[in-house]
Amino acid sequence: MKEFLVMIQTIDLKKGMVFERGGKLLRVLQINHHKPGKGNTLMQMDIQDVRTGSIVHTTMRPSEKVEQVNVDKRQAQYLYDQGDASVFMDMENYDQYEVSASQLGDDKKYLVENMKVTVNFVDGEIVGIELPTTVELEVADTQPMIKGATIDGGGKPATMTTGLVVNVPAFIKNGDKLIINTTDGSYKSRA
């Protein structure tokens, strides 16, 4: 039996939160406030069914209410990948948890060995992880700096060693270690 904290409005939802709607446990992957030219603000969200892994893009009114699910949070360390799953170790009792690639989604591209994360459970079932706000990743491949390009230019794409592609300033080169924001995948600074 699930424990529900409270009924909350969709405007209060944030990335990583779990709620129930239509008998399904749903986790917020991405959320944007959208204000059309006329009319009220809408919440555009990418949500994932934590049991099936399916991802749906949906729109809800900010005043719509959903039941926020009580999530048990455990501190864990990312160890390695095993097949289609990633293995994490509980920092208190050293139990190991396998989290499937479908549960991780895009968060997989931010994981580096020994990283500390929070593993979320609902009724003993893993429903996802929470990453730190920023991570340090190494540039695996990017274009060399173009002579005469300005530092304030539009930037260029860089592929990190984890496979994540980030838009970076022109002066970044292969092998640089960068601080990346995990909420939107943006470049913050050099490490």
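Observations on the model:
- Derived scalar couplings ³J(HN,Hα) [the range 69-78; Karplus, 6.51 cos²θ - 1.76 cosθ + 1.60; whole Hz; x for Gly, Pro]: 8, 5, 10, 8, 10, 10, 6, 9, 10, 6
- Per residue, in Å², the accessible surface of the chain once ligands and nucleic acids are set aside, probe 1.4 Å: 57
- For the range 72-130, the Cα gyration tensor yields ellipsoid semi-axes of 15, 13, 10 Å (square root of five times each eigenvalue, largest first, whole Å).
- Gaussian network model of the chain, springs between alpha carbon atoms under 10 Å - residue of VAL18, VAL166, VAL50 with greatest fluctuation: VAL166
- Partner lysines whose Cα lies under 27 Å from the Cα of LYS14, excluding those fewer than 8 positions away in the same chain, are identified as LYS2, LYS24, LYS35, LYS38, LYS65, LYS73, LYS108, LYS109, LYS116, LYS188.
- Theoretical gain in end-to-end length, THR183 to ASN32 [0.36 nm per residue, Cα-Cα removed]: 53.2 nm
- Helix-only CD estimate at 222 nm, as mean residue ellipticity for the chain, using -39500 (n - 2.57) per DSSP H run (n ≥ 4): -500 deg cm²/dmol
- Percentage of interatomic Cα-Cα distances in the chain larger than 27 Å: 39
- Each residue, MET145 and ASN93, gets one label point 7 Å from its Cα in the Cβ direction; the gap between the two is 5.2 nm.
- Packing here is the average count of other Cβ atoms within 10 Å per residue, and on that basis the peptides 156-162, 112-118, highest first, run 156-162, 112-118.
- Accessible-area composition of the chain, carbon plus sulfur, in percent [1.4 Å probe]: 49
- Heavy atoms of ARG61 accessible to a 1.4 Å probe, total area in Å² rounded to 10: 140
- Between THR162 and ASN114, the distance separating the two model label sites (each 7 Å from Cα on the Cα→Cβ line) works out to 1.6 nm.
The values are calculated or read from the model by the stated rules, or taken from the named source; none is laboratory data. The structure displayed is predicted, hence computed values, not measured ones. Heads up, the Cβs are rebuilt from the backbone with ideal geometry, glycines too, and the neighbour counts pull from every protein chain shown. Just so you know, the surface numbers come from the protein's heavy atoms only, side chains and all, with ligands and any DNA or RNA stripped out. Shrake-Rupley method; radii C 1.70, N 1.55, O 1.52, S 1.80 Å.
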